[in-house]
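**Student:** I'd like to ask you about the structure that follows.
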Amino acid sequence: MRNWVKWALIVLTVLYPLVVYAAIGRVPPQWLALLLTALAVARALAVRQRFWWLVAGGAAVLGVAAWLSQDALMVKLYPVWVNVVMLAVFGFSLIHPPTVVERLARLREPDLPPSGVAYTRQVTKVWCVFFVLNGVAAAATALYGSDAVWALYNGLIAYVLMGCLMGVEWCVRQQVRRRAAAH
């Protein structure tokens, strides 16, 4: 049951922009704010990782702001907050290694060679740039785009871009491994 709850929360988190898009104009912003906060806290409780508690804290702040201002913009800024937290987590790991990407790599390859550590550091930097650019795009769609543009970017395009970055990185990693094995 616990795995089912985690997967349900992941799906709800991914679908969040589409739910907001469907609800804007039909549901008062206060209720969207309550949904945002409840979803973020539920995810933090289910996953029990510090990252999700940071996300939940920001969601609560945005939720209170949306509740008080009765403005759906606050609810639409949630993807911006997620990118800020991701940037902070990945960026902090560059200053205080091991990096997030190195930790993930060591799950598969505990004895990661120094060249692998250097590579994961570069990948972490790439993800930091991605989170900056994605956060700016999320903010621009929230502040200047229509609700449809916001939902399209944050509910589809951002995920496609993440998937593309993961795919390109996987291809590059295979080449880096081949070169390292040849030496």
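The values are calculated or read from the model by the stated rules, or taken from the named source; none is laboratory data. What you see is a predicted model; the values in this text were computed from it and never measured. Positions of Cβ are backbone-derived with ideal geometry, glycine not excepted, and every protein chain shown enters the neighbour counts.
**Student:** Going by the structure shown, is W52 exposed (fewer than 14 other Cβ atoms within 10 Å of the Cβ), within 29 Å of T120 (Cα to Cα) and not aliphatic (A, V, I, L, M)?
**Tutor:** Considered against the rule, which asks whether it is exposed (fewer than 14 other Cβ atoms within 10 Å of the Cβ), within 29 Å of T120 (Cα to Cα) and not aliphatic (A, V, I, L, M), W52 comes out as no.
**Student:** Out of the helices (runs of 4 or more DSSP H) lying entirely within region 1-77, which hold 1 or more residues that are within 21 Å of V89 (Cα to Cα)?
**Tutor:** Passing ranges, in order: 2-23, 29-47, 50-69.
**Student:** Quick check: anything in region 85-102 farther than 25 Å from V55 by Cβ, of a type outside the set (G, A, S) and not in a helix (DSSP H, G or I)?
**Tutor:** no
**Student:** In contact (Cβ under 8 Å) with a residue 60 or more places away in the chain and within 30 Å of G25 (Cα to Cα): which single residue out of V80, V61 fits that description?
**Tutor:** Among V80, V61, only V80 is in contact (Cβ under 8 Å) with a residue 60 or more places away in the chain and within 30 Å of G25 (Cα to Cα).
**Student:** Now for a separate question. Criterion first (in the same structural domain as P28 (by TED's automatic domain parsing), closer than 23 Å to P28 by Cβ and surrounded by fewer than 18 Cβ atoms within 10 Å (Cβ to Cβ)) does S146 satisfy it?
**Tutor:** no
**Student:** Follow-up. When region 100-143 is examined, which residues are found to be within 30 Å of H183 (Cβ to Cβ), in contact (Cβ under 8 Å) with a residue 24 or more places away in the chain and under 15 Å from the mean Cα position of the chain (by Cα)?
**Tutor:** Correct list: V100, V101, T124, V126, W127, C128, F130.
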